[in-house]
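Participant: This is the structure I want to talk about, given as structure tokens.
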Amino acid sequence: MTRKTMTAVAFSLATLLTVNTASATIFSIDYHDDGVWNSYDDVNQTYSMKFKDDGTKDGFWLVVSSGMNPKTNANEYAVLYGDRETNRITAYNYNGRNNPNSYRNGTLLGTFDNAFVDGGKHDRYGYDMTMFSIDVGAINSAFSDADWDGVQLGEQAGIWFHQTAGTDITYNADGSISNFGFDSQMWLDSAFETTLGRDNSVCDRLTAYYCAAGTAPTGNSGSTPIPGGTAPTPGGGGSVPAPGGLALILMGLAGFGLSRRRK
């Protein structure tokens, strides 16, 4: 193997390994005064939330963005409906109106069964929390419109979150929502809040609270397919990928060339 060929192999190998070892960024934000914390993994497209659980709230509707307050922005974001009684989250496209009724004329983007688990205690304030962590990749690619973001956070975050008590959600046979009712609600509206961004490899060495939610995405095995697409699948856990097959071949060629040169 000539020196020129070996240089080309080494360059290709370095490029490929750089691509393969790129790790995700976890964007997180803690609205501790409202008992809400959430995060987003920008490679695995996993959205996670923990919220204060005092036993009085049993549902919610939720829209998040990577900056602006998502409220009033139609068909840019997904709205998530939480149902603690059935342990289910149902996703639709948000219609931009200041009410929870996007499901009535919207597109069903997916359902996540067995979604909620114990979130432990808040790391600093000590109150009990409930959490969910879902793969939103299929939701984020549900529409080709350039304005469509689905469920994402970035260097900034916006949120429109209404927790409800006395929640009563009924469903159609296909898992779509036929009615969403409640007795009372609380809300959190916020925009352009700076998130905490951490490299996924760093998150592996930190407490899970400040990075991902601490577990693999839940509920995806029972998800229904997005119309025209595929069902959400579990996301990765944050480890750095091993070199791919082509990279291994290039490493072998480089070694073979060095061996030839020594001989």
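Here's the yes/no breakdown for (1) β-branched (V, I, T); (2) in contact with a strand residue (DSSP E or B) (Cβ under 8 Å, 6 or more places away or on another chain); (3) modelled with pLDDT of 95 or more:
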position: K50; (1), (2), (3): no, yes, no
position: V63; (1), (2), (3): yes, yes, yes
position: M68; (1), (2), (3): no, yes, no
position: N73; (1), (2), (3): no, yes, no
position: I89; (1), (2), (3): yes, yes, yes
position: N93; (1), (2), (3): no, yes, yes
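Participant: Scan the stretch 90-124 for residues that are of a type in the set (D, E, K, R) and surrounded by 21 or more Cβ atoms within 10 Å (Cβ to Cβ) and report the count.
Facilitator: So the count comes out to 0.
Participant: Let me ask something additional. Look at the stretch 21-68 and say how many of its residues are under 16 Å from the mean Cα position of the chain (by Cα) and not hydrophobic (A, V, I, L, M, F, W, C).
Facilitator: Count: 18.
Participant: Also, quick follow-up: Of all the residues that make up the stretch 181-200, how many are under 24 Å from the mean Cα position of the chain (by Cα), at negative phi and not hydroxyl-bearing (S, T, Y)? Give the steps one after another, and end with the answer.
Facilitator: Step one: of the stretch 181-200, the residues under 24 Å from the mean Cα position of the chain (by Cα) are 186-200.
Of the ones still in play, those that are also at negative phi are 186-191, 193-200.
Cutting the leftovers down to not hydroxyl-bearing (S, T, Y) gives us 186-189, 191, 193, 196-200.
So the answer is 11.
Participant: I would also like to ask the following. Could you pull out the residue among A165, A146, A142, A157 that is closer than 28 Å to T25 by Cβ, loosely packed, with under 15 Cβ neighbours inside 10 Å and among the hydrophobic types (A, V, I, L, M, F, W, C)?
Facilitator: A146
Participant: Also: Would you check if M129 is touching a His at 6+ places or on another chain (Cβ under 8 Å), in the same structural domain as G35 (by TED's automatic domain parsing), of a type in the set (A, V, I, L, M) and in contact (Cβ under 8 Å) with a residue 40 or more places away in the chain? So that I can check it myself, show each step before the final result.
Facilitator: Details: touching a His at 6+ places or on another chain (Cβ under 8 Å): yes; in the same structural domain as G35 (by TED's automatic domain parsing): yes; of a type in the set (A, V, I, L, M): yes; in contact (Cβ under 8 Å) with a residue 40 or more places away in the chain: yes.
Taking the combined requirement at face value, the residue satisfies it.
Participant: Quick check, is Y40 buried (at least 17 other Cβ atoms within 10 Å of the Cβ), modelled with pLDDT of 95 or more and among the aromatic types (F, W, Y)?
Facilitator: Details: buried (at least 17 other Cβ atoms within 10 Å of the Cβ): yes; modelled with pLDDT of 95 or more: no; among the aromatic types (F, W, Y): yes.
The answer is no for Y40.
Participant: Now a separate question. State the number of residues belonging to the stretch 168-189 that are crowded, with 18+ Cβ neighbours inside 10 Å and not aliphatic (A, V, I, L, M).
Facilitator: Number of matching residues: 2.
The values are calculated or read from the model by the stated rules, or taken from the named source; none is laboratory data. Keep in mind that what you see is a predicted model, and the values were worked out from it rather than measured. FYI the Cβ positions are ideal-geometry reconstructions off the backbone, even for glycines, and counts take in every protein chain you see.
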